[in-house]
Amino acid sequence: MSTWLRQHWQTFRLTLGRLARNPLATLLNVTVIGVALALPLGGYMLLQNLGGVAHQVTGNPQVSLFLARDANKDDISALEARLKQIPGVRAPRFISRDEALEGLRQSENLSDVIAALRTNPLPDAFVLETNGGAAEVEKLEAQLRALPKVAHVQLDSTWVKRLESLLALGRMTVLILATLLACGLVAVTFNTIRLQIVTQKDEIEVSKLIGATDSFIRRPFFHLGLIQGGLGGMAALAIVYLSMHVLNRSILQVAQLYGSDFRLNFFGLPDCLALLAFAAVLGWLGAYMSVSRHLSGIEPR
């Protein structure tokens, strides 16, 4: 085991030295990989932040029950007792027609219209909070409509569903983009390793002549793919981090106009490590495909 680790450590050091001797080519390859990974990574970060904000804004969906005009105090008390017994419904709050009218009267845009009314056209209502999401609220709708003295049920889950659908669409878009760019990363590594194999063809032939095993010859190329992918992952994190700081300056200015302190937050350490591991694996995959394709054709003459 110690011999195996020592061999890999030596190969790792030699591969790093080889990359350091070609800084321009290494920088270009790492930059290409970093940009390719930064695009879906930035989209994922944006969706994570928007998803958190959407959850805070939407909270628990509310339901408004508008009562019939002939509902009296006994009907309202009985209905309130029924609402408290329905699973998934909590904190039913009664709003009388007079209270609703007074709230509209205090609005600057509607004060003149309300003053011109001879009678109160608003019904009594209950506003309910629910424990579930938009889907659970819709299941409650039929049950609430069947309650006595309920004239109309209004859900506020429609715009929540639209927001959830948009976020789901964004996630799918990012997933497709990440898949396409991951294939591009594999292709870049594949081509890089191919060029390395062509460059070191004579060295490979000599190594085989003196009895080097296939695993010994392949090992440096696998390390090259891993290192190149890992460096590309670091470059992607750096690009997204710097872009986030630039965007936060403008986002804070807009958020302050709405009385908010919203800003983009960067990934946690587990997400960063997962991205680096993913990039390194993609680099190794490209190296494996290239080595399997091109190395077998080199034999000593």
To the nearest 0.05, the calculated FRET efficiency linking V32 and V246 through their beta-carbon distance, R0 being 22 Å, is 0.55
Ordered by fewest other Cβ atoms within 10 Å, a rough proxy for footprinting exposure, S64, S290, S2 read S2, S64, S290
Which residues qualify? For L67, with a placed amide H closer than 5 Å and at least 5 residues away or on another chain, they are D124, A125, F126, A151
With V150 itself left out, Lys, Arg at +1 and Asp, Glu at -1 over residues whose Cβ is under 14 Å from its Cβ give -1
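Read-outs throughout are calculated quantities, based only on the coordinates presented, and are distinct from any laboratory measurement. Please read these numbers as outputs of a predicted model, since none were measured by experiment. Every residue, glycine as well, gets a Cβ built from its backbone with ideal geometry; the counts of neighbours run over all protein chains shown.
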